[in-house]
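The structure under discussion appears below in the form of structure tokens.
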Amino acid sequence: MSVHLVKNTPGVIGVLDLQGGVHEHLEHLERLGIPYAKVKQPADFTDLAGLIIPGGESTCLARLLKIFELKEVILQHCSRGMKIWGTCAGAILLANRVVGDQPCLGLIDMEIERNSFGSQLDSFKSEALIEAVSADLIPLTFIRAPKILRVGSDVQVLLRMEDYIAAAENEGILVTVFHPELTGCLALHRYFALKCGLSPAVENASAVNRDWDNVSWMKLARIAS
Amino acid sequence: MDAKRYELNVQLAQMLKGGVIMDVTNVEQAKIAEEAGAVAVMALERVPSDIRKDGGVARMSDPAMIAEIKKAVSIPVMAKARIGHFVEAQLLEALRIDYIDESEVLTPADEECHIDKTKFSIPFVCGARNLGEALRRIAEGAAMIRTKGEAGTGNVVEAVRHMRTMNREIRQLAQMPVEEVTGFAKTNGLPYELALKVKELGRLPVVNFAAGGLATPADAALMMQLGCDGVFVGSGIFKSADPAKRARAIVKATAYFNDPQKVLEASMGLGEAMPGLEIGQIPPEQILAKRGW
């Protein structure tokens, strides 16, 4: 297996490995040449430069973070400077206000509404320009996505769509309600790596990789031989 | 279903990886499941063990009941249509649930044809006992596969058999020279193009969950260690002594399936599991996994 598990060395980005789109993020980090690790035990977070909380089901992830006392661990590492990026469910966990529910980590001042578009039949793909991230159009995949309804004064909006915000950040936290890990574009992963103080090996990450397709993550999830 | 819609449907299943999908029969159970950390609920009138006990024809559930459950939770809602009953599937699509399970747990409506799932925008999950069956369903448009197992038995043996069979066939394919694939595909009923895809990927080209007979946290961890991407638990939760506790325990064990200490902690003091049924004692005509082909 080609997974290079570089644990506890500076410069690693961890992907929270409890539930959801874990392999898809790992595969993007691999393409960027960023050392990565799946993280799920408290010790796994030591010295991580950044943490990605993937898409999945936010209620499930919130419950697991609480039961296994990872919430405090993440908050501690965040306060020592570990950057965090939440995609979709991950963004919900990072918000300090969730419509109709308790917030989980509360690390970014914004109000978010879960599953705000409707059912799976309302999931969609689109594209948009995110000036801070790339000069090229970025493909966007929304799956039962939340909407960011408003953000606080210390939060920068990166992408505003019709009646909602789709991407935002503060000093330590990046949130996207869409799934860059489900497209062939590395621009947001590169943006996050730079935010973590790392130097991605790939220079032009904005162009969509022609050799990517939706089964690319599977090389990290083959059945045991 | 265009290619983009199909990809979105496959991707929703990817977001369920590492999670537990629970059978629920009313709003109260759906809320217990969501609270316990289920990644989706399967809304149905009777869990498989009751369908097995009651006999008769099992059909799609009352849409009003499914609609109530949909309103009560924010996690994805799935529901079952009979094998081949494309009108039940049309109704479930019109109801705008998130996923349809074309399921052998219900009485098949067609013994020759499964639903042409490419005609729908809504995603489908289908059961399979082996690689050929899985790939035939994918060729028909399924965006997610699960083992059939033997639903409503509380006996994991058939789910293990189906997963091991798929894994064995995938390994065989992965190792054989390409000129042998034609014969292997013919013998095992594999669509050829998909067989080549599986050979290249070393796994199914869509997410594959375990289902059929899982009743304990250890059952869930077992299926995960065998390479499943997540698990369905049907009768196993709400036919046990303490459903909320067992639901939470199975969620924990699925997330930490590789960590015996955590699965051990999750397994403590759960009360009675659902009553189990030995496969050999089921009359052959009542074996659900044989429905569909």
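Overview of results
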| item | result |
| --- | --- |
| Angstrom value of the Kirkwood radius, inverse mean 1/r, which spans all Cα pairs in the protein assembly as shown | 23.0 Å |
| Segment A:Leu129-A:Asp211, length gained on full extension (0.36 nm per residue, minus Cα span) | 27.3 nm |
| Mean Kyte hydropathy of 0.5 or more with a Cα span along the axis of at least 27 Å, helices from DSSP in chain A | none |
| P(r) weight above 23 Å for chain B, C-alpha pairs, percent | 51 percent |
| Debye intensity ratio in log₁₀ form over the Cα atoms of segment A:32-117, taken at each q of 0.25 Å⁻¹ | -1.38 |
| Calculated P(r) tail over 16 Å for segment B:181-286, as whole % of Cα pairs | 65 percent |
| GNM flexibility winner over chain B from B:Gly141, B:Gly189, B:Gly154 (Cα, springs under 10 Å) | B:Gly189 |
| Highest to lowest packing among B:280-287, B:246-253, scored as the average C-beta count within 10 Å | B:246-253, B:280-287 |
| Computed FRET value (nearest 0.05) for A:Glu203 with B:Asn188, which takes r as the C-beta separation and R₀ as 35 Å | 0.15 |
| Subset of B:Lys262/B:Lys290; B:Lys148/B:Lys197; B:Lys199/B:Lys239; B:Lys4/B:Lys239; B:Lys17/B:Lys119 violating a 31 Å alpha-carbon distance limit | B:Lys262/B:Lys290; B:Lys199/B:Lys239; B:Lys4/B:Lys239 |
| Whole-percent pair-distance distribution, where bins are 5 Å wide, for the alpha carbons of segment A:12-221 | 1, 8, 17, 22, 23, 17, 10, 3, 0 |
| Alpha-carbon Debye profile of segment B:2-120, log10 I(q)/I(0) at 0.17 Å⁻¹ | -0.88 |
| Average beta-carbon neighbours from other chains, 10 Å sphere, peptide B:19-26 | 1 |
| Residues A:Ile112, B:Ile21, sorted so that the one with the fewest Cβ neighbours within 10 Å comes first | B:Ile21, A:Ile112 |
| Of B:Asn26, B:Asn155, B:Asn130, the one that fluctuates the most in a GNM where chain B has Cα springs shorter than 10 Å | B:Asn26 |
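The numbers here are math on the coordinates, done by the rules we state, and not lab data. These numbers come from a predicted model, not from an experiment. A quick note on method: Cβ atoms are made from the backbone with ideal geometry, for glycine too, and the neighbour counts reach across all protein chains shown.
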